[in-house]
Structure formats: C-alpha cells, structure tokens
Amino acid sequence: MSGTSSTLHPPADAVPPVRHPDAPAPGELLGAHYDQCFGCGGEQPHGLHIEARAGEGVSVTAVFTVRPVHQGAPGLAHGGVLATALDETLGALSWLLRTIAVTGRLETDYVQPVPVGTTLHLEAEVSAVAGRKIYSTATGRLGGPDGPVAVRARALFVEVKIDHFVDHGREEEIRAAMDDPDQVRRARAFEVNP
C-alpha cells in the first residue's frame, strides 16, 4: 500500500503473531461474535452477514456478497461498507489470538469498483504484535480467492479488557450479552470493534 501511515508499521521490537493453542482449527467457521453486529450478525437485516473461517497461521478468510442495500453509487458498493467488510474480517483475527481487541486505525485502498451482486472474497492476517498492538493486513478480491484485488487495508488493533465495552456500551445491550447462558456467545460478544 502506498502512502501507508507510519502508525501502521510494526516497530522494530514487534514479534511474529502466535496462534493460540485453543484457536479454531483451519477451515472452521468462526460464526458471528454478536447477533446484532452490523458486520457479522445474523439479526441485522441490512448487515453484511460476513462469514469468516479460520485460516492457516494467524489468518482468516471470509466472504461478503454485496446486496442492493449496500450500494453507494448506483449499482456499486458503498466505500464505507467495503471498509466495514475489511474491518470485520480483520477483527475476526482476534479469535485466533484469543484476545479482545478494538480497531485503533484502519487504512483502506480502493483499487477497483465492486458491483452489487458481487461476492467479495476477503483474507486477513496478523503480521506482528507489539505489546497491546496488533498489526494486520487484509485484501478483498472479486469473483474468487484468486480474483483481482478490489480493496485492501492495513490495520492496527489494540488489546483491551472487557471493561472497555461495559464502560462505553449501552447498558441494555451489555446486560443482555452478559446474561446470555451460552458462555461462548457471552465471551465472543465482546471480541471486536470499538
């Protein structure tokens, strides 16, 4: 990516990412972290409904089909929706590290238009970790995992404690997520996004 912000380059003392031993196996569907999430939640009628799968190492793959509700210019995906798709895919990497992290910075390059009806094939990977900072990259390709690049991004995620969500979220949603009897769903609700 040309013109990438210096904050998106790992420092010299950054270390390679380490996949958590309890992370989902490569190929395993990660599922929605929260059913109301605009990026991956099934309860959002106009959401992106992104389905991410664990990849090799510290990587994930995902697919996103652009629907008419996602358009900006007539017949084309809205740029903000494409950035959201990249952010959601990048956020899913936290599940492989088994950490709670939020987006600190996201820089997106739009390489070519993405028409409505297109399935965007997304891939993201963590490149380095420095303390609480997680550096990662993502690409979105048209027509298949080997298709032409339409969008790409670099991101910096920052590890946080669950208090981040409790202190800043709306009480009714926080309470509903915390009261979920399914322990895995309860923990995953607080995985990604600021």
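Among residues of the stretch 12-41 that are of a type in the set (Ser, Thr, Tyr), those with a beta-carbon under 6 Å from a residue that is part of a loop (DSSP other than H, G, I, E, B) and crowded, with 16+ Cβ neighbours inside 10 Å at least six positions away or on a different chain give the pairs 34/41; 34/189.
Given the criteria at negative phi, open to solvent by 30 Å² or more (accessible area, probe 1.4 Å) and in a strand (DSSP E or B), does residue 136 qualify? When the stated conditions are applied, residue 136 does not pass them. Residues of the stretch 50-77 that are touching a Ser or Thr at 6+ places or on another chain (Cβ under 9 Å), open to solvent by 40 Å² or more (accessible area, probe 1.4 Å) and either within 24 Å of residue 126 (Cβ to Cβ) or assigned to a loop (DSSP other than H, G, I, E, B) (or both): 53, 61, 63.
Contact map, the stretch 130-157: residues that are closer than 18 Å to residue 112 by Cβ paired with residues that are part of a loop (DSSP other than H, G, I, E, B) and among the acidic types (Asp, Glu), Cβ distance under 9 Å, separation 6+ or inter-chain. No pairs are found. State which residue is modelled with the highest pLDDT when the search covers only the stretch 32-49 and only residues that are farther than 12 Å from residue 69 by Cβ and open to solvent by 70 Å² or more (accessible area, probe 1.4 Å). Result: 43.
Given the condition more than 22 Å from residue 147 (Cβ to Cβ), touching a residue at least 12 places away in the same chain (Cβ under 8 Å) and among the aliphatic types (A, V, I, L, M), answer yes or no: does some residue in the stretch 84-92 qualify? Reasoning before the result, please.
So in the stretch 84-92, the residues more than 22 Å from residue 147 (Cβ to Cβ) come out as 91.
The next check asks that each one be touching a residue at least 12 places away in the same chain (Cβ under 8 Å); those that pass are 91.
Those left that are additionally among the aliphatic types (A, V, I, L, M): none.
No, the stretch 84-92 contains no residue that is more than 22 Å from residue 147 (Cβ to Cβ), touching a residue at least 12 places away in the same chain (Cβ under 8 Å) and among the aliphatic types (A, V, I, L, M).
The values are calculated or read from the model by the stated rules, or taken from the named source; none is laboratory data. A quick note: this is a predicted structure, and the numbers were derived from the prediction, not measured. When we count neighbours, we look across all protein chains shown, and the Cβ atoms used for this are built from the backbone with ideal geometry, even at glycine. For accessibility, only protein heavy atoms count, side chains too; no ligands or nucleic acids. Shrake-Rupley method; radii C 1.70, N 1.55, O 1.52, S 1.80 Å.
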